[in-house]
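Beneath this line is the structure, given in C-alpha cells, with notes to follow.
Just so you know, all these numbers are worked out from the coordinates, no wet-lab data involved. Because the structure is predicted, anything quoted here is derived from the model rather than measured. Every residue, glycine among them, receives a Cβ derived from its backbone with ideal geometry; neighbour counts consider all protein chains shown.
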Amino acid sequence: MKTKGLVFALLLVLLFSGSAYAQEVRMNNAYAGITFSGTVATCFVDIDREDTSDKISATIKLNCGSQNIKTWNGISDIGHLVFSDDVDVVKGNTYELVVEYTINGKAQKSFSGSGTCK
C-alpha cells in the first residue's frame, strides 16, 4: 500500500512540473519564417505574449548572406504582434529573416528563420 501511495505522489509531482514547463514555453512564443512562391518570398513574424498589455516593438531584417535585402522598422503592437510582407527574391539564394524586438522597452533575445528559394 505504501508503494502505491509513493508512486501516486511521484506521478503528481511529474504532472505538475510538466504543466509549469508548458506554460513557460507559451509565455515567450515567437516565430519567424519565410515561404517562397516563384521568386516572391513571404516573410512572416508572430510574437505572442501571455500578458496582453505588453507593448511589443520590432525591427525585422531580410538578409541574403551579409547583404540586407529589406528592413522593416517600427513594427509594433500590444500583446500579440503579427507581421507579413512579400519581397522579390532570386532563385537559388538562401535568405534569413532576423527579428530584433523589445517588450515594454526592454530588449529581448533576437530570433530568426531562414529558407532557400528553389
Express in nm, to one decimal, how much length is gained between Asn93 and Ser76 on full extension, taking 0.36 nm for each residue of separation and deducting their alpha carbon distance. 3.2 nm
Put a dot 7 Å past each Cα toward the Cβ at Ser114 and Ser84; how far apart are the dots in nm? 2.5 nm
When each of Lys61/Lys109; Lys70/Lys106; Lys70/Lys118 is checked by Cα-Cα distance, pairs over 18 Å: Lys70/Lys106; Lys70/Lys118
